[in-house]
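Here's the structure we're looking at; comments come further down.
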Amino acid sequence: MAADSLDLQRLKEMTGDDPLLAAEVLILFCDQAIEWRACLDSAAVPPGWIEVCHSIKGAAVGLGALRLGEACSIAEKLGRTYGPDAAGAESCLDRVRDLLVVSTTEMVALRVTLSADGRFPQTKPDRSM
């Protein structure tokens, strides 16, 4: 299983290449994502969304969900620069919501693989060098 929105190398680095630890932190992220999602779904532009994006960003980047982290960073910067009612906030939050679903779906699938196989899935070698 290749995760399209997860950087497996980052996850390996953050968990000391321990697949069982990786599975555990993925569970924790997905559990927390339920609360984040509930907050973000409370309104088109919910109160406290800037702080929620900040929290998601830190956790996502740490686990290798870099696209989600970047979307949160953009939303957070918009909110901190122009205020919580900034034009464009709703579309930024829609992007965060969408990527939160994509990332947690991939994390659940990866967690199942890690728990079942006890090892990380094979990744394609980086040929960009």
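Among the residues of region 46-61, those identified as more than 19 Å from A86 (Cβ to Cβ) and of a type in the set (A, V, I, L, M, F, W, C) are A59, A60, V61.
Pairs only if they're at least six apart or on different chains, beta carbon under 9 angstrom, first in region 102-129 and over 21 Å from G69 (Cα atoms), second modelled with pLDDT under 85 and assigned to a helix (DSSP H, G or I); list them, first residue then second. Going by the 9 Å Cβ cut-off, there are no qualifying pairs. If I go through region 9-38 residue by residue, how many of them are in a helix (DSSP H, G or I) and either surrounded by fewer than 18 Cβ atoms within 10 Å (Cβ to Cβ) or free of Cβ contacts under 8 Å to residues at least 12 places away in the same chain (or both)? Here the count works out to 17.
Among the residues making up region 89-119, those that are surrounded by 14 or more Cβ atoms within 10 Å (Cβ to Cβ) and hydroxyl-bearing (S, T, Y) are S103, T104, T113, S115.
The single condition from (1) more than 15 Å from the chain's Cα centre (by Cα); (2) without any contact (Cβ under 8 Å) to a residue 24 or more places away in the chain; (3) in a helix (DSSP H, G or I) that S42 fails is (3). Among the criteria (1) over 26 Å from Q122 (Cα atoms); (2) modelled with pLDDT of 95 or more, the one C30 does not fulfil is (1).
The values are calculated or read from the model by the stated rules, or taken from the named source; none is laboratory data. All values reported here derive from a predicted model rather than from experimental measurement. In this analysis, Cβ positions are derived from the backbone assuming ideal geometry, glycine residues included, and neighbour counts consider all displayed protein chains.
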